[in-house]
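Notes follow the structure.
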Ligand SMILES: Nc1ncnc2c1ncn2[C@@H]1O[C@H](COP(=O)(O)OP(=O)(O)O)[C@@H](O)[C@H]1O
Ligand SMILES: [Mg+2]
């Protein structure tokens with residue numbers, strides 16, 4: 001569905017992404033993890049066509065990409081409904097008809113925020129805003145879904161519900177989904193596969209239980225951690241402390 | 001009712017309220033325009049104005065005053081108010097800055113310099129001053145705009161850079177203008193100062209036709225982009241993610257509003273306040289869905305300038321107060337009250 005081949009992005013002289021190859025199948029959720037500045041946002045921007053890149057990005061049959069950028073807040077005097085309607089920008093006429101509004105209302109309902117429809121986006125909490133922007137992206141009916149830290153401001157329950165919904169939609173509609181996350185345990189629980197970025201390179205990719213190891217956490221994050229498993233066999237990472245001494249070079253083979 | 005019905009009903013209510021705001025604004029504009037035509041050295045009864053406008057009466061004097069003198073001026077106030085209100089709203093949107101207006105971006109200063117240049121060169125020019133001054137003002141407003149958008153065309157240019165470029169041009173043109181004023185003869189100096197105050201009194205039907213035609217051409221083109229402009233209020237990154245070609249939209253919109261402000265200030269001089277305030281007033285009433293914000297800003301600009309035009313004739317009976325001063329003196333306190341009373345943070 002989505003296939004990245006030796007993807008590279010440079011900002012000026014700075015290499016933000018280097019030789020990243022990754023395939024995402026229909027109906028698959030890939031969690032993108034890695035420390036701050038490792039290139040998660042850059043990867044998504046490149047796939048969404050917002051960053052100039054080297055290498056190849058392939059979509060099955062010109063699939064539409066839905067990209068939800070990292071949350072930067074917004075002070076616009078726009079209602080939640082208007083923001084979600086913008087997700088249908090490509091087909092939106094000057095006169096909004098009932099179908100447009102119904103599609104938006106349906107998504108707001110599925111995300112449990114239908115009652116916010118006529119509130120201003122600038123007046124919402126960070127978590128509510130993230131739900132609204134997810135609804136906006138989904139309103140565009142994408143085939144490839146890119147969510148950049150969609151849960152960074154959500155409470156525990158909303159994290160569960162949002163990621164659960166994303167996974168369900170991905171399965172139902174056969175989307176190819178990449179979600180960047182900071183919480184490895186959440187990633188392990190919701191993603192089919194994880195991809196670990198470190199300093200712009202793909203450090204590892206595979207099933208959570210294969211990728212989340214004490215050695216990976218030491219090399220990529222510079223922390224000592226125990227990796228156990230819950231009753232379903234999903235890995236559980238418990239961080240103990242920061243590594244002492246110099247961090248091992250993660251880019252070394 | 002299902003949740004979708006509730007959302008739809010809410011949407012309809014909101015749209016109806018905004019339409020009501022636009023209708024109220026239209027009524028206000030009609031009222032201020034009638035008042036504007038009625039006021040002057042000789043106050044005409046509103047009924048007589050109405051009759052003359054409807055071509056019902058055969059009063060030569062009233063007809064002459066209304067049709068040859070006051071109506072073109074009153075309509076020019078509307079055309080210029082619409083141009084400045086509309087372009088202020090779009091400037092604030094595409095530059096993501098609540099302070100953006102033709103004034104803050106040096107466009108008015110460019111026009112002022114262009115006008116002053118012709119006034120100073122005066123008799124040396126082979127063309128009639130009635131059009132040479134506006135033409136030169138328009139050209140230099142265009143140069144200011146081109147300067148701003150050249151910088152915007154640089155790769156990686158941010159809206160902040162555009163605003164800073166505009167402010168730099170503002171200072172440059174003000175310095176050049178001061179230089180012209182320094183070397184100008186006393187008569188030319190007086191003319192320059194008068195031009196800078198802004199005045200609707202130089203209006204003639206052909207000049208009005210030019211401004212009105214430009215407004216009529218630009219409005220539909222800008223409205224067509226209204227959803228894309230609304231998307232820009234969420235920031236460049238999100239707008240791009242939604243499929244907006246941000247750079248070309250910014251260039252396209254900026255070109256059109258340059259034309260609008262250029263032609264407006266060229267004929268009436270620098271009336272600074274409206275491009276800044278009209279959009280804020282409109283935003284308080286209709287929000288930032290640009291399908292409504294753009295017409296509402298234009299309407300606010302029309303109403304404010306038309307009211308100011310009437311007031312400029314009423315403040316000192318028998319004399320004409322410079323319109324630029326009136327808009328600021330009446331508008332600023334009104335604006336401050338409005339901003340303070342608005343419960344929400346609008347930017
Ligand atoms: N617009 C930009 N200009 C220059 N460097 C950038 C820009 N955006 C990101 N970077 C750099 O690229 C690297 C990757 O950034 P990013 O993809 O945002 O990381 P992440 O999302 O994983 O935290 C970082 O080193 C960051 O400093
Ligand atoms: Mg990021």
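General observations
- Of every Cα-Cα pair in segment A:1-71, the percent that sits beyond 20 Å: 25 percent
- The ranking of B:87, A:79, B:2 from fewest to most other beta carbons within 10 Å of each one's beta carbon is B:2, A:79, B:87.
- Taking chain B as a Gaussian network of alpha-carbon nodes connected by springs under 10 Å, the highest mean-square fluctuation of the residues B:157, B:100, B:111 belongs to B:157.
- Springs between Cα atoms under 10 Å define the GNM used for chain B, and in it the highest mean-square fluctuation of B:232, B:161, B:76 occurs at B:161.
- A convex hull fitted around the alpha carbon atoms of segment A:33-152 yields 132 Å³ per residue.
- Going from the fewest other Cβ atoms within 10 Å to the most, the residues A:1, A:216, B:302 appear in the order A:1, A:216, B:302.
- Shielding of peptide A:89-99 by partners, expressed as the average count of other chain Cβ atoms within 10 Å per residue Cβ, is 3.
- Cα gyration tensor shape for segment B:1-156, rounded if a/c is under 1.5, else prolate or oblate: oblate
- Note on the protein assembly as shown: antiparallel DSSP beta bridges, both residues inside, total approximately 60 percent of the bridges counted.
- When only Cα pairs below 8 angstrom with a gap of at least 6 residues are kept, chain B shows a relative contact order of 29 percent.
- Both radii are taken from the alpha-carbon atoms of chain B; with Rh as the Kirkwood radius, Rg/Rh is 1.00.
- Residues considered: B:309, B:248, B:136. Largest GNM mean-square fluctuation over chain B, using C-alpha springs under 10 Å, is found at B:248.
- The ratio of the alpha-carbon radius of gyration of segment B:114-232 to the globular-protein estimate 2.2 N^0.38 Å is 1.30.
- Antiparallel beta bridges, as assigned by DSSP with both residues in chain A, represent about 60 percent of the total such bridges.
- Spherically averaged projected area of the protein assembly as shown from its Cα convex hull (nm²): 34.0 nm²
- Scaled to the globular estimate 2.2 N^0.38 Å, the Cα spread of segment B:210-337, given as radius of gyration, is 1.19.
- Helix A:98-110 and the longest principal axis of the C-alpha atoms of chain A enclose an angle of approximately 40°.
- Fewest-first sequence of A:211, B:286 by Cβ atoms within 10 Å of each Cβ: A:211, B:286
None of the figures in this text is laboratory data; all of them are computed from the coordinates on show. This structure is a prediction, so every number in the text was calculated from the model and none was measured. As a convention, Cβ positions derive from the backbone with ideal geometry for all residues, glycine included, and neighbour counts pool all protein chains shown.
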